[in-house]
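Data block below; observations after.
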Amino acid sequence: MPSTANDHDIADSRAQILQELSDASDQMVELIAVSKKQPDERLQAALDAGQRVFGENRVQEAQDHWQARRDIEGLCLHLIGPLQSNKSEDAVALFDVIQTVDRKKIVRTLSEAAEKLGRYPDLMIQVNTGEEDQKSGVMPDELDELIAYTRDTYPGELKGLMAIPPVDEPAGPHFALLKKLADRAGLPWVSMGMSADYVLGASLGATHVRVGSAFFGERETA
Ligand SMILES: *Cc1c(COP(=O)(O)O)cnc(C)c1O
């Protein structure tokens with residue numbers, strides 16, 4: 001029988017990833033378990049193993065996964081997928097951290113939603129470090145302006161930067177650039193590194209890594 005995701009032990013993989021992160025970095029690196037397209041029993045297994053920090057790509061799916069669990073002690077939800085402005089209020093209502101801010105319009109709608117709901121998720125700005133046409137994220141040369149705008153406009157806090165390097169390039173230079181941009185702006189959080197490269201991310205200064213398949217097992221394709 002081929003090895004399937006069901007053989008994957010979430011408590012074991014979590015312990016191993018945490019060990020690798022602590023070996024790779026002098027600082028505490030937050031392991032965000034990316035639960036998009038994972039079945040409910042795996043979310044529960046992660047919770048049972050002690051995991052409390054999760055990442056989701058889509059607001060709707062995140063509501064399905066987490067709305068009923070929102071009261072779990074210590075639960076911390078990160079939005080790591082692109083955000084449409086008409087979903088801003090739902091995002092503010094559910095998430096603790098929104099990592100994918102990449103334009104002024106989103107800053108405005110998030111600010112309005114935060115004021116309205118009296119809830120102020122921490123924000124991070126997604127940077128398109130590879131300057132790819134189709135990729136979300138602000139271009140590096142427009143970053144300073146968006147940081148200034150966010151700090152002026154948003155009633156909560158801007159905490160850091162995130163990036164997804166181009167798939168066909170080594171991630172290292174992109175991670176190094178993101179860390180440099182965050183340091184220069186005085187932003188403490190840097191979200192970089194996924195299943196294939198979280199150790200590299202941690203070694204280059206990530207404060208947050210976003211790990212899906214290496215944590216949970218392969219995602220459902222549907
Ligand atoms: C899906 C996703 C991840 C996790 O991907 P894995 O390769 O499964 O670890 C991390 N970050 C973002 C933005 C994602 O969309």
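Computed from the coordinates by the stated procedures, all read-outs in this text should not be read as laboratory data. Values in this document were obtained by computation on a predicted structure and should not be read as measured data. Using ideal geometry, Cβ is built from the backbone for each residue, glycine included, and neighbour counts are taken over all protein chains shown.
Using Cα pairs under 8 angstrom and six or more residues apart, how large is the relative contact order of region 125-222, in percent?
After rounding, I find 21 percent.
So, with +1 on the Cβ of K and R and -1 on the Cβ of D and E, and no other charges, what is the size of the charge dipole of region 157-222 about its Cα centre, to the nearest 20 debye?
With Lys and Arg at +1 and Asp and Glu at -1, about 280 debye.
Which whole-number percent is the relative contact order of the chain (Cα, under 8 Å, 6+ apart)?
Worked out over the chain, it gives 23 percent.
GNM, the chain, Cα, under 10 Å: largest mean-square fluctuation among E73, E30, E61?
E73
Quick query: amide H of Q51 versus all other amide H atoms, modeled in the peptide plane; which residues come in under 5 Å with a sequence gap of 5 or more or a different chain?
none
List, in order, the whole-Hz ³J(HN,Hα) value for each residue of region 129-146 obtained from phi through the Karplus relation with A = 6.51, B = -1.76, C = 1.60 and θ = phi - 60°; use x for Gly and Pro.
5, x, 6, 7, 4, 8, 7, 6, x, 7, 5, x, 7, 10, 5, 4, 5, 5
Holding the Cα-Cα limit at 26 Å, pick out from K116/K179; K37/K104; K87/K116; K105/K135; K116/K180; K36/K180 the pairs that are longer than that.
Cα-Cα > 26 Å for K116/K179; K37/K104; K116/K180; K36/K180; rest within.
Suppose the chain between D90 and S136 were pulled fully straight at 0.36 nm per residue; how much longer would it get relative to their current alpha carbon spacing?
My answer for the length gained is 14.6 nm.
Can you list, largest first and rounded to whole Å, the semi-axes you get for the chain by taking the square root of 5 times each eigenvalue of its Cα gyration tensor?
With the √(5λ) rule applied to the chain, the semi-axes are 27, 22, 15 Å.
For region 30-36, what does the Karplus curve 6.51 cos²θ - 1.76 cosθ + 1.60, with θ = phi - 60°, yield as ³J(HN,Hα) per residue in whole Hz, taken in order and with x for Gly and Pro?
Those phi angles translate into 7, 8, 9, 7, 7, 9, 4 Hz.
Distance between Cα centroids, region 199-222 to region 50-87: provide it in whole Å.
If you average the Cα positions of each part, the centres end up 16 Å apart.
Per the helix-only calculation at 222 nm, which mean residue ellipticity applies to the chain, given -39500 (n - 2.57) for every DSSP H run of n ≥ 4 and division by its residues, nearest 500 deg cm²/dmol?
Mean residue ellipticity, 222 nm, calculated: -11500 deg cm²/dmol.
When the Karplus curve 6.51 cos²θ - 1.76 cosθ + 1.60 is applied with θ = phi - 60°, which whole-Hz ³J(HN,Hα) does each residue of region 39-46 get, with x for Gly and Pro?
So the Karplus estimates, Gly and Pro as x, are x, 4, 5, 6, 4, 5, 4, 5 Hz.
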